[in-house]
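Let me begin by presenting the structure, written as structure tokens, before commenting on it.
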Amino acid sequence: MISYFETHFPVSDELGRDLHRLSQPCAFPKQGSVFEAGQRIDRMWLVTQGLVRVYELRDGSDQTYYFGAEWSWLTDFSSYLTGEPTAFSCDCLEPTQAVLFPKKAIEWLAERYPEIRLFYQRMAEQAYLQLDERMKRFQFDDLESRYRTFSSRYPNLLQRIPQHLVATYLGVTPESLSRVRQQLRRKGL
């Protein structure tokens, strides 16, 4: 975990001790639940190994909000910031290990260490930019373009995520995604 943070900023011995002291390692089995709709999310997880899916059940079907793999942060920012119950659930697609940071610990670290405050700000900015890009893709791109963007941005995830779940992320039926994939193969893409 410390080596992850060191890729973003220098970690002093004191900060390293505080990061270890205020975090908690956790492990989840394949198909295990990290959190469920209706809970108040007052923590963040740093996924160190494995793969998770954050999704919402709506009208009997689920819509994938995002996937989180190694070295990605996992939370529902809306619930985390407002204290309101989350509409999302998070399940593990693979056995998953993560480091849990309670909200109070993150706030304490950000107050004490300017580098954590700046890192947290950048993380929130990145989350916003990813959401903004995703909204634009859904509004302006056709399915083929959305799939090509997903596959070029996350090529290693395509081998790890069942296609029916990729379809829920792209907002289409598995049959529609299968047709687009066949068309791309015929084009040699």
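The values are calculated or read from the model by the stated rules, or taken from the named source; none is laboratory data. Please read all numbers here as calculations on a predicted model, not as lab measurements. All Cβ positions, even for glycine, are placed from backbone atoms using ideal geometry, and neighbour counts span all protein chains on display.
Table: residues versus (1) under 27 Å from GLN159 (Cα atoms); (2) surrounded by 17 or more Cβ atoms within 10 Å (Cβ to Cβ); (3) among the polar types (S, T, N, Q); (4) touching an Asp or Glu at 6+ places or on another chain (Cβ under 9 Å).
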| residue | (1), (2), (3), (4) |
| --- | --- |
| TYR4 | yes, no, no, no |
| PHE9 | no, no, no, yes |
| GLU14 | no, no, no, no |
| ALA37 | no, no, no, yes |
| SER61 | yes, no, yes, no |
| SER78 | no, no, yes, yes |
| ALA87 | no, no, no, yes |
Listed by first then second residue, the pairs whose first member lies in the range 62-82 and is β-branched (Val, Ile, Thr), whose partner is assigned to a loop (DSSP other than H, G, I, E, B) and modelled with pLDDT under 95, with beta carbons under 8 Å and at least 6 positions apart or on separate chains, are none
Test set (1) in contact (Cβ under 8 Å) with a residue 40 or more places away in the chain; (2) out of contact with any helix residue (DSSP H, G or I) (no Cβ under 8 Å at 6 or more places or on another chain); (3) outside any strand (DSSP E or B); (4) surrounded by fewer than 17 Cβ atoms within 10 Å (Cβ to Cβ) - PRO25 fails condition number: (3)
Kindly provide the set of residues from the range 28-48 that are in a strand (DSSP E or B) and not aliphatic (A, V, I, L, M), ordered by number. PHE28, SER33, PHE35, ARG40, ARG43, TRP45, THR48
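Answer yes or no as to whether GLY60 is out of contact with any helix residue (DSSP H, G or I) (no Cβ under 8 Å at 6 or more places or on another chain) and modelled with pLDDT under 95.
Working: out of contact with any helix residue (DSSP H, G or I) (no Cβ under 8 Å at 6 or more places or on another chain): yes; modelled with pLDDT under 95: yes.
Criteria met by GLY60.
With the range 49-108 as the region, which strands (runs of 3 or more DSSP E) entirely inside it contain at least 2 residues that are within 12 Å of the chain's Cα centre (by Cα)?
On the way: elements: 52-58, 61-68, 89-92, 96-102.
By residue number, 52-58, 61-68, 89-92.
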Considering only helices (runs of 4 or more DSSP H) wholly within the range 127-181, the ones with at least 3 residues that are of a type outside the set (A, V, I, L, M, F, W, C) are 143-153, 163-170
